[in-house]
Structures are given as structure tokens and as C-alpha cells.
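A short write-up of the structure that comes next.
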Amino acid sequence: MSENFLTSQKVADALSKMRVTACTLEELELTKQEIDELAEATGNIMYNSSNKTYYIPQFNEKNNIIVSFSSKEAITEKWLELSDIYFGSTFCDMDTLKYVLDLAKERGYKNIHISGDLCAGHPSYKKQDLYLTARTAQEQAKVAIDLFSQYPEFKYYCINGERDQSFEKFHSINPIILVQKGLTEKGIEFNYINEVTANIVIRGIVKRLQHGTGRLAYTKSYKIEREMWQQFENMSDNVVIENRNYNIAFVQFGHYHVTSLQLLGGIWITSTAGMIFDDKGVLNENTSYPTAKFSKAVIKNGKVISFVTEDVNKPKNVRM
């Protein structure tokens, strides 16, 4: 690129700023002509024709996704929340999972957020071995690949759970790595963050995916609300990514196998019951039925204007 390519000093200053920080296009306050000039200069500004917005895609070494849009209008973002699927086990409720994914497709959802325990775990753990239908990382990953391949329109975001990580303790590959590889080869976007906690930036705010807090959880006895309060009452509401502060607006838990919605300190905190029956074959009023959450947020200038979330499961005919 020649020195004289950027005819506007304003655009040149914007390019310099972009090189050192994950700035938003709103902050740059460029006209469409200036944005077009900047796009030609950098090759790193994309245009989304469906909602008529420009954005800067960036991906850093920690796999934090940074997306910045130029529109100053309020924009609606939607995502499906899943957790604790347990691919490769008798507990995995594949019928409900398919029902939820079909409904997401019907409703026009594109983003699937999975907060850990995608797969059922290593057979060396006796309790896990009792209900495994697929014993190796390759076999459990194949179950996930076979299903998600039927939904190529989705973008998947997935973190670790302790069951996924259990393979690593026995010198086996984490099955989620294989899921990512298999789906990528099919042209399906599957973003795997190799942590039990990860941040996704959505329209200038952070959504955190988290699999529990390092403590065991039991469906009938664990008080997720208490754990939420203990963890978040003293937590800062911002996170620094690439030298830029982002507000944490959402936290999605896995691990707990209970559905929950709390607003703590301005942070919306959700949890689903996962995609498993905790008491397979013993279905009564104490059974946690698999659920997912359809979430919708209206965001403007990095602030949440409104947020709604809906629990969804497949109706069951259960004899009491």
C-alpha cells in the first residue's frame, strides 16, 4: 500500500488505531466513503448484506471473537444455549436435542453456544462407564459430528466440561478437538475454546461461557443461585481483551443440570438443564427434563436494551 493511498487523514488515523486495538467502527465515526476506503486499504472490513452493517472480524490467540459493527441502530442478537449433551451415553436425549435444533433452524437462529460436557467422558471412571454407548474419544466425537453435520447453517461455540477433559487425564485426545476437526472439514464453523471459561464479544459486549465453578453439582440438591451470588457479587463487570475494556452482560453456565435465570449486578446469568436425563428410566416429579434456552437480546452502542430467554424442551409422555 502506498503512502498516498489513504487520501483522508481521518481514515489514516483510523487505520493506525485499528492496528493497536480492537476498536469499533462507531468510535471511528467514519462516513460510508471513508469506510469503503479503509476496507480497500486493510482487506479486513466486511459487509453483512442481510442487516446492512460493516464489521471488523478479529481472532486473537485466546480465541476471543471480536466483532464490531458500524450501525448505530439497536440490533437484535439471538443464540441457542445448550450444555451437558453427553454424546456417547445412554443419558443423551437425542430426540430432544434434534427437536431443539430443528426449532432453532425454524426460528432463524444461527449461533449455538455450548457450555461444556459435550461428550460423555472417559470409561476409566466407573460411574461413567456404566452408561457409555461410545467408549473412545473418536467414537463419542463421531456421534456429535454425525448430528451437527445435519445442521450446517449453524455456527457453534463450545468450551470444555470436566467430562470432555477426562480423556486428557488418560493421555487421550479431547473429543471436542476431533469434533472441531471433523466439522471444519465439512465446511461447518465450530469454534472450540480449550478452556472451561471463555469470552465471546457480541456487538461490543461480552458473553461468558462457563462450565461450573470447579465444584461438584447434583440436580436435586445443588443451589445454583447461591453459587452465582458467591461468584459474582464481587466480580468486576468488565473484561480486557486486546487492551480494550468490554462489559460482561451475559454468563451462561453448564454443569449444574438445572434451568435458571438471574440478574446479578447488571449481568444476566443463565443455566440450562442440559440435554440429558439425570435419572434414566426413573421419570417422576423429581426428574430434571432436558432443556435448552432460546435467548434474544437487543443491543445498542455496547449496552443491552432488552433481554428475553425461553426454556424449551420436547413434550414428554411420562407414566407416573
Practice prompt. Scan the stretch 71-96 for residues that are among the aliphatic types (A, V, I, L, M) and closer than 18 Å to ILE159 by Cβ and jot them down.
Written response: LEU80, LEU82, ILE85
Response to the item:
Across (1) surrounded by fewer than 21 Cβ atoms within 10 Å (Cβ to Cβ); (2) farther than 15 Å from ASP117 by Cβ; (3) in contact with a helix residue (DSSP H, G or I) (Cβ under 7 Å, 6 or more places away or on another chain), PHE190 clears everything bar (1)
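Could you list, in sequence order, the residues of the stretch 104-116 that are in contact with a Lys or Arg (Cβ under 9 Å, 6 or more places away or on another chain) and of a type outside the set (Val, Ile, Thr)?
Step one: of the stretch 104-116, the residues in contact with a Lys or Arg (Cβ under 9 Å, 6 or more places away or on another chain) are 104, 107-113, 116.
Across the stretch 104-116, the qualifying residues are ALA104, ARG107, GLY108, TYR109, LYS110, ASN111, HIS113, GLY116.
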Discussion item. With the requirement that a residue be farther than 29 Å from PHE294 by Cβ and in a strand (DSSP E or B), what does the stretch 98-150 give you?
Written reply: LEU132
Worksheet entry | Per-region count, the stretch 77-107, residues polar (S, T, N, Q) and surrounded by fewer than 20 Cβ atoms within 10 Å (Cβ to Cβ) | 1
Item to complete: Mind listing whichever residues of the stretch 108-138 are modelled with pLDDT of 95 or more, surrounded by fewer than 17 Cβ atoms within 10 Å (Cβ to Cβ) and under 18 Å from ASN174 (Cα atoms)?
Response: GLN138
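The values are calculated or read from the model by the stated rules, or taken from the named source; none is laboratory data. Bear in mind that the values here come from a model prediction, so they are computed numbers and not experimental data. Virtual Cβ from ideal backbone geometry, glycine too; neighbours counted across all protein chains shown.
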